[in-house]
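The values are calculated or read from the model by the stated rules, or taken from the named source; none is laboratory data. As the structure is a prediction and not an experimental result, all values here were calculated from the model. Using ideal geometry, Cβ is built from the backbone for each residue, glycine included, and neighbour counts are taken over all protein chains shown.
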Amino acid sequence: MAPKRIVLRFRSDISVKPIVYRLVKDFDLVVNIVRADVNPQKEGTMVLEVTGDQSEKGLAYLRELGVSVQDLKQGIVRNEEKCVMCGACTGLCPTGALYIERPSMEVHFDEDQCIVCMLCTKICPMRAMEVHL
């Protein structure tokens with residue numbers, strides 16, 4: 001069974017609850033935290049890969065708590081024709097999906113590492129990084 005990629009957004013009152021623990025313990029899910037960001041006000045965003053037979057029940061539990069749950073269906077692709085290998089995107093990529101290979105100094109994109117944060121689409125001067133649904 002392939003993991004389901006989801007994005008969770010939660011308020012500060014939820015960030016203190018053991019939501020990932022509950023997904024594992026109560027719903028027997030395998031959870032991989034791809035990215036997590038909690039700001040000083042304890043509001044947060046988390047990108048998860050979830051695997052298990054009860055994943056829909058686990059996601060329903062999160063929704064009942066007030067967690068926003070969205071499928072990560074869109075993806076980022078690099079338009080090779082537009083990319084000039086400037087590397088502007090590599091410094092912002094939080095997962096290292098975009099990186100410069102040395103000594104050639106070519107920009108490479110590992111789609112499997114991408115969490116679709118879309119920072120690269122905003123910084124790319126050539127608009128070579130594109131969102132695809």
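The residue of segment 93-115 that is modelled with the lowest pLDDT, among those that are closer than 13 Å to ARG78 by Cα and surrounded by 15 or more Cβ atoms within 10 Å (Cβ to Cβ), is CYS114. Among the residues of segment 116-133, those identified as under 12 Å from VAL77 (Cα atoms) and not charged (D, E, K, R) are VAL116, MET118, CYS120, THR121, ALA128, MET129, VAL131, HIS132, LEU133. Residues of segment 1-15 that are at pLDDT 85 or above and loosely packed, with under 13 Cβ neighbours inside 10 Å: ASP13 alone.
Taken as a whole, the condition of being basic (Lys, Arg), on the phi > 0 side of the Ramachandran plot and without any contact (Cβ under 8 Å) to a residue 40 or more places away in the chain does not apply to LYS122.
Any idea how many residues of segment 67-99 are farther than 27 Å from VAL16 by Cα and part of a loop (DSSP other than H, G, I, E, B)? The number of residues fulfilling the criteria is 19. Considered as a group, the residues in segment 68-79 that are out of contact with any helix residue (DSSP H, G or I) (no Cβ under 6 Å at 6 or more places or on another chain) and among the hydrophobic types (A, V, I, L, M, F, W, C) include one that is surrounded by the most Cβ atoms within 10 Å (Cβ to Cβ), and that residue is ILE76.
Screening segment 20-41 for residues that are surrounded by 15 or more Cβ atoms within 10 Å (Cβ to Cβ) and assigned to a strand (DSSP E or B) and picking the one that is nearest to the chain's Cα centre (by Cα) gives VAL34.
Among the criteria (1) among the acidic types (Asp, Glu); (2) at pLDDT below 95; (3) outside any strand (DSSP E or B), the one GLU64 does not fulfil is (2).
Only residues that are assigned to a helix (DSSP H, G or I) and either touching a helix residue (DSSP H, G or I) at 6+ places or on another chain (Cβ under 7 Å) or at pLDDT below 85 (or both) were counted across segment 42-60, and they come to 2.
Selection over segment 100-113 of residues that are assigned to a helix (DSSP H, G or I) and touching a residue at least 24 places away in the same chain (Cβ under 8 Å) gives a count of 1. No other residue among GLU130, GLU80, GLU101, GLU106 is farther than 30 Å from VAL24 by Cβ and in contact with a His (Cβ under 8 Å, 6 or more places away or on another chain) apart from GLU101. In a residue-by-residue description of segment 9-19, the property of being in a strand (DSSP E or B) and under 27 Å from GLU111 (Cα atoms) applies to at least one position.
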